[in-house]
Amino acid sequence: MNRTSCVMNIKSKMKTLTGSEKKVANYILNNYMYILDYTVTELAEKAGISDATVVRFCRSVGYKGYQDLKISLAQDMMSPYKQLNSSIEEKDTPEQIVDKVIRSEIETIEETLHLLDITMLEQVASIIKNARKIVFFGAGGSAMVAHDAMHKFLKIGIRCSVEEDADIQAMESVLMKEGEVAIGISHSGTNKNVIECLKNAKISGATTVGLTTYGKSPMHRFCDYVIMTSTKETVFRSESVTARIAQLAVIDALEAVISFMDYKGTYEAIQITRKATSRNKY
């Protein structure tokens, strides 16, 4: 079944669009090669309109939302065999595919290293070290990162928790207080539940930290501190593999920085927590 080109589809609907929607259309048609890297907020800023107008425009031209439009636009520019990684080709052998995927993840970590604001990471480490309580918020692949962070932080004596149920997360966030830290993890920075939890925690007086990929996103508005990572995601994946790898690496770095802020205390905590879990091992 043939699909209609996204660009041609937008051009065919121009006469039916409102003035502000035409601004979005014209910007996309003139800059379509860059749209895949933009969030709703970034596109709205570039086109000089509101986020809501971008969403209305997407529906006016027949798409469910902005992500749906980006997928259609990507299909105009990409082969179906490049959906996992832009460098992978249909003719590639399994060996070549494995090599390209792993090298892509290595490149993402290297880019993250250059992107990281070490001063901010150190500030966040200090805040976490001295906080009364840490609560992680994440969904999907980001929830996996949150659980990994909780496991690592508990081992070095940092009291923290993760809840995956959206209602529990909401209740947890509104009950947070000054001296506590809410850490939201979302590679896109657009997950509604994570954003709402950060907003609730911030209003309640807690310090808010975001772990997300580079670029502006709605999550930034409710974060006192933002730690940025890189990603090589394509729009065909709702959760980026490379972004998760980079986030896990940043969590490891945070744990190490926190540990050396109180080497003796950390060593003692590791011995205690290791002893507590030893009964589950042969």
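The values are calculated or read from the model by the stated rules, or taken from the named source; none is laboratory data. Computed from a predicted model, the values in this text were never measured in an experiment. We place every Cβ from the backbone using ideal geometry, glycine too, and count neighbours over all the protein chains shown. When the accessible area is computed, the model is the full protein with side chains, heavy atoms only, and any ligands, DNA or RNA have been set aside. Shrake-Rupley method; radii C 1.70, N 1.55, O 1.52, S 1.80 Å.
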Discussion item. Suppose we filter the range 112-139 for residues that are open to solvent by 50 Å² or more (accessible area, probe 1.4 Å), farther than 15 Å from residue 227 by Cα and outside any helix (DSSP H, G or I); how many remain?
Written reply: 2
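Let's see how each residue does on (1) buried (at least 16 other Cβ atoms within 10 Å of the Cβ); (2) within 22 Å of the chain's Cα centre (by Cα); (3) at pLDDT below 80; (4) not in a loop (DSSP other than H, G, I, E, B):
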site	(1), (2), (3), (4)
11	no, no, no, yes
52	no, yes, no, yes
59	no, no, no, yes
68	no, yes, no, yes
81	no, no, yes, yes
85	yes, yes, yes, no
Discussion item. Between 206, 170, 201, which is touching a Cys at 6+ places or on another chain (Cβ under 8 Å), open to solvent by less than 70 Å² (accessible area, probe 1.4 Å), modelled with pLDDT of 95 or more and not aromatic (Phe, Trp, Tyr)?
Written reply: 170
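Being open to solvent by 20 Å² or more (accessible area, probe 1.4 Å) and without any contact (Cβ under 8 Å) to a residue 40 or more places away in the chain is the filter here; which residues of the range 25-37 pass it? Let's see the steps before the verdict.
From the range 25-37, those open to solvent by 20 Å² or more (accessible area, probe 1.4 Å) are 26-27, 29-34, 36-37; that's our starting set.
26, 27, 29, 30, 31, 34, listed by residue number.
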Worksheet item: Which members of the range 178-189 meet the condition of being farther than 18 Å from residue 230 by Cβ, in contact (Cβ under 8 Å) with a residue 40 or more places away in the chain and in a loop (DSSP other than H, G, I, E, B)?
Response: 179
Discussion item. So in the range 209-229, with the set limited to residues that are small (Gly, Ala, Ser) and part of a loop (DSSP other than H, G, I, E, B), which one is most open to solvent (accessible area, probe 1.4 Å)?
Written reply: 215
